[in-house]
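Here's the structure we're looking at; comments come further down.
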Amino acid sequence: MARKPIIAGNWKMHNNSAQSKELIKGIRANVDSLDIAKLPEIVVAPVFTSLYAVNEEICHCGCGRIKLAAQNVYFEPKGAFTGEISIDMLKDFETSYIIIGHSERRQYFGETDEMINKKAKVILDNGIIPIICCGETLEQREQGVTDAHIEKQITEALKGLSTEEVAKSVIAYEPIWAIGTGKTCDSTEANRVIKHIRSVVEKVSSAAAADAIRILYGGSVKPETIKEQMAQSDIDGALVGGASLKADSFADIVKGAMIG
Ligand code: PEP
């Protein structure tokens, strides 16, 4: 099945509202005139406090070529959870995607596989699409446990989801040693791990879901690397950190992922 590619920019903890507005305007200036039929889905994930401003800019565009993502959500609907944000609050901004399980959230904020599974369920129950991140540390790679580690992360994240829910979800394979380091994972190796992820999805869900689910690569993606990455059989796009913070480089990555 033909899977629509996605290029998603994770802005992490950068940019206040005015700076976010500048960035999205810059991206729009580069992508608004491109042939929409050939474009990948373009997704940007600003900080919570910039969602309003960025959504306003995206709506003005009127063509739906750029979609909004949040970088996190809490799984409870409301209550005494100081500092957290609920799914209902994110729906105010027409959020299409929500990133969950990013390695930085796992490492610095104690996000567990169980929490990621609860978040995936609440996101899908509300008609939004989770971008579920997974990936190994350098130590795990050197110990030869990459595939087993990722199998566990994906199995736990998808627990209890219907095959339809799995099919519409997105996974981002992000080797931790490649994030923000400038070291990209070799494209054929990234493709091998992504094929492994697809086989795990088939095992825990169905062959149809494994065929439909979009799996992105993330880790120091740059304009110079995207063409080779997109040429791989199983890589359906990219989750981009550093290079998404400059309008030109993000737009060049989008252009490198254009179909045809
Ligand atoms: C990320 O944080 O998801 C990421 C892939 O970052 P970078 O592109 O900077 O490695």
Residue identified as under 24 Å from TRP11 (Cβ atoms), crowded, with 21+ Cβ neighbours inside 10 Å and hydrophobic (A, V, I, L, M, F, W, C) among ALA120, ALA209: ALA120
Leading residue by the ranking (nearest to GLY101 (Cα to Cα)) among those in the range 158-188 that are in a helix (DSSP H, G or I) and within 16 Å of the ligand (Cβ to nearest atom): ILE176
Residue match in the range 150-162 (condition: surrounded by fewer than 19 Cβ atoms within 10 Å (Cβ to Cβ), over 25 Å from ASN126 (Cβ atoms) and of a type outside the set (S, T, N, Q)): yes
Answer from VAL200, VAL254 - the residue that is in contact with a Pro (Cβ under 9 Å, 6 or more places away or on another chain), in a helix (DSSP H, G or I), surrounded by 18 or more Cβ atoms within 10 Å (Cβ to Cβ) and of a type in the set (A, V, I, L, M, F, W, C): VAL254
Number of the exception - ASN72 against (1) under 22 Å from LEU239 (Cβ atoms); (2) surrounded by fewer than 16 Cβ atoms within 10 Å (Cβ to Cβ); (3) modelled with pLDDT of 95 or more: (2)
Subset of the range 4-29 [over 15 Å from the mean Cα position of the chain (by Cα) and charged (D, E, K, R)]: LYS21, GLU22, LYS25, ARG28
Selection status of VAL47, crowded, with 22+ Cβ neighbours inside 10 Å, closer than 24 Å to ALA157 by Cα and at pLDDT 95 or above: no
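The values are calculated or read from the model by the stated rules, or taken from the named source; none is laboratory data. Everything quoted here is computed from the prediction, not taken from an experiment. Note: ideal-geometry Cβ built from the backbone for every residue, glycine included; neighbour counts use all protein chains shown.
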